[in-house]
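FYI, it's all coordinate maths here, none of it is from the lab. Treat the numbers as computed from the prediction; the structure is a model and nothing was measured. FYI the Cβ positions are ideal-geometry reconstructions off the backbone, even for glycines, and counts take in every protein chain you see.
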Amino acid sequence: MSEFVEYLQEVFAQFGEIRSRRMFGGYGIYHNDLMFGLIEDNVLYLKTDNESVTRFEEKGLDPFQYVKNGKAMNMSYFLAPEEIYDDPEAATEWAKIAYAAALRSKKPAKKKK
């Protein structure tokens with residue numbers, strides 16, 4: 001686990017327990033087994049959806065992008081605001097926003113036949 005991932009344990013301590021899992025060269029950040037954050041190159045991105053994305057856009061935060069077949073692809077994760085690293089209340093507020101977006105986008109479990 002990277003030092004940055006360990007540091008996020010402190011940043012989100014007031015929000016609650018988080019864990020990480022390696023994925024695609026970065027990390028997924030989870031709360032209650034639901035991914036609400038993404039780390040790539042020691043940069044944190046938080047989950048968004050149609051209901052929350054404007055909060056990120058209003059702050060001028062950029063979406064997470066990757067290149068596929070030479071084309072930039074956006075994901076539903078946006079750069080985390082800088083204030084979360086110095087303000088536990090801000091970290092909790094933004095974590096709740098991202099976690100709520102993750103809850104809303106969670107696919108219902110398929111019923112077994």
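What is the local net charge at residue 20, summed over the other residues whose Cβ is closer than 14 Å to its Cβ (Lys, Arg +1; Asp, Glu -1)?
-3
What 222 nm value per residue comes from the helices of the chain, counting each DSSP H run with n ≥ 4 as -39,500 (n - 2.57) and dividing by all residues, nearest 500 deg cm²/dmol?
Result for the chain, helices only: -9000 deg cm²/dmol.
Assuming 0.692 mPa s and 37 °C, estimate D for the chain with Stokes-Einstein, Rh taken as the Kirkwood radius over Cα pairs, in µm²/s.
For the chosen part, D equals 225 µm²/s.
Once you put a point 7 Å from the Cα of residue 19 and another 7 Å from the Cα of residue 73, both along the Cβ direction, what distance in nm separates them?
Result: 2.7 nm between the two label points.
Would you work out the charge dipole size for the chain about its Cα centre, treating the Cβ of every Lys and Arg as +1 and the Cβ of every Asp and Glu as -1, and quote it to the nearest 20 debye?
1380 debye
What is the distance, in nm, between label points placed 7 Å from the Cα along the Cα-to-Cβ direction at residue 103 and at residue 54?
Between residue 103 and residue 54, the simple spin-label model gives 2.1 nm.
If you look for lysine pairs in segment 27-113 that are eight or more places apart or on different chains, how many of them have Cα atoms under 25 Å apart?
Total qualifying Lys-Lys pairs in segment 27-113 comes to 12.
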